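Note sheet for the following structure.
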Amino acid sequence: MSQDVNKPVYKELTMMTGKITILDGGMGRELEKRGAPFKQPEWSALAMMVAPESVKEVHKAFIESGASVIKSNSYALVPFHIGEKRFKDQGKALATCAGKTARAAVNETQTGIRIAGSIPPLFGSYRPDLYRSERVVELASPLIEGLRTHVDLWLCETQSLIDEPIRIKSLIDRLDMQKKPFWVSFTLEDSQLNNEPLLRSGESVVDAVKAMVDANVDAILFNCCQPEVISQSIKITFDQLASLGAENIEIGAYANAFEPQSKDATANEGLNELRADLTPSSYLDWARQWIQDGATLIGGCCGIGPEHIAVLSEELA
């Protein structure tokens, strides 16, 4: 059967079955909104360290809004945010706390909610230039070891380049004997929306998809970038998966509410302004487009709160 025949049939089946999974939204900005401890450079890690109850309440808010997958608050538990010494001394313990806090939120609300163990970009958001392959094992191992008994799947998120998630998956395959599903989410260059979508490293989405198929991942997502660039990337991903016979790999999206971030963006130096136009209803419009393009995993990133997730859940789940 040709790719042209496969594509509409696959999309039609996806939409007929209604199997849309709703993810949660952004933890950091919701903590800030609620008055929890929150500042740079620690970002969402500060609440994890000094006020884990506030993290649990945000998890619960997203669950009550209809999310069926929540992410552990381990995104900022890396030296880029908490410093080398604190990471060395407390990294694993903080990751364990993040996993336990997410599990407590699930236990206090409802069953059937899955927890995604968040493995962040180990060297900083939007900073492929800081990537050091020789340190991946050193930095990822404490996070994996701390989270692994508390999570249901792995989410290697906001990845700016291809090599990092491949190395992290290889490490998880060695450290987590339960062989949980492994999702990878890439962040895209979004300062030039009309061009071919690229990872922030400059690598193409096509090459990223091919590499993830070879790595045997369970889902490919796009996050922490503009919704406008995500739609085109989903279409490319859908076509590539069909051509490679890998339609079993799910596609997902969870955009941020930031203004476009340039290549020299410094994610650790201040708070980005949030777009006023990404209301819950307008974000729903984007989610519907992503589903039409082939996505089945839909959520939100920075600035997308429980009010957005509630609308997604009500209209899509």
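The values are calculated or read from the model by the stated rules, or taken from the named source; none is laboratory data. Everything quoted here is computed from the prediction, not taken from an experiment. A quick note on method: Cβ atoms are made from the backbone with ideal geometry, for glycine too, and the neighbour counts reach across all protein chains shown. Accessible surface areas use protein heavy atoms only, side chains included; no ligands, DNA or RNA. Shrake-Rupley method; radii C 1.70, N 1.55, O 1.52, S 1.80 Å.
Restricting attention to the stretch 246-263, report how many residues are of a type outside the set (A, V, I, L, M), open to solvent by less than 60 Å² (accessible area, probe 1.4 Å), in contact with a strand residue (DSSP E or B) (Cβ under 9 Å, 6 or more places away or on another chain) and farther than 18 Å from P165 by Cβ. Total satisfying the criteria: 2. Restricting A93, A51, A67, A47 to those that are buried (at least 20 other Cβ atoms within 10 Å of the Cβ), modelled with pLDDT of 95 or more and more than 16 Å from the chain's Cα centre (by Cα) reduces the list to A47.
When G99, G124 are screened for being in contact with a Phe, Trp or Tyr (Cβ under 7 Å, 6 or more places away or on another chain) and open to solvent by less than 10 Å² (accessible area, probe 1.4 Å), only G124 passes. Figure legend. Inter-residue proximity from the stretch 54-67: first residues more than 16 Å from I298 (Cα to Cα) and among the hydroxyl-bearing types (S, T, Y), second residues part of a helix (DSSP H, G or I) and at pLDDT 95 or above, beta-carbon distance below 8 Å, spacing 6+ or different chains. Indicated pairs: S54/L31; S54/A47.
Scanning the stretch 229-245 for residues that are free of Cβ contacts under 8 Å to residues at least 60 places away in the same chain, more than 27 Å from L130 (Cβ to Cβ) and open to solvent by less than 10 Å² (accessible area, probe 1.4 Å) turns up just one, L241. A residue that is surrounded by fewer than 23 Cβ atoms within 10 Å (Cβ to Cβ) and within 24 Å of T187 (Cβ to Cβ) occurs somewhere in the stretch 105-114.
Taking each residue of the stretch 305-317 that is modelled with pLDDT under 95 and looking for partners that are open to solvent by less than 80 Å² (accessible area, probe 1.4 Å) with beta-carbon atoms closer than 7 Å, six or more apart or interchain, yields A317/I20; A317/I22; A317/G66. Is it the case that F87 is closer than 26 Å to G202 by Cα and surrounded by fewer than 24 Cβ atoms within 10 Å (Cβ to Cβ)? Judged against the criteria, F87 is not a match.
Counting only residues that are at pLDDT below 95 and buried (at least 18 other Cβ atoms within 10 Å of the Cβ), how many does the stretch 276-301 have? Here the count works out to 1. Filtered by the rule that a residue be open to solvent by 10 Å² or more (accessible area, probe 1.4 Å), assigned to a loop (DSSP other than H, G, I, E, B) and polar (S, T, N, Q), the stretch 128-181 gives T149, Q178. Residues A253, A246, A267: which one is in a loop (DSSP other than H, G, I, E, B), small (G, A, S) and either under 21 Å from W290 (Cα atoms) or modelled with pLDDT of 60 or more (or both)? Only one candidate passes the filter, namely A246.
If you go through the stretch 190-228 and keep only what is in a helix (DSSP H, G or I), open to solvent by 10 Å² or more (accessible area, probe 1.4 Å) and either touching a residue at least 60 places away in the same chain (Cβ under 8 Å) or small (G, A, S) (or both), you end up with just A211.
Residues checked against (1) in a loop (DSSP other than H, G, I, E, B); (2) of a type in the set (S, T, Y); (3) over 22 Å from V184 (Cα atoms):
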| site | (1), (2), (3) |
| --- | --- |
| A47 | no, no, yes |
| G66 | yes, no, yes |
| I70 | no, no, no |
| A76 | yes, no, no |
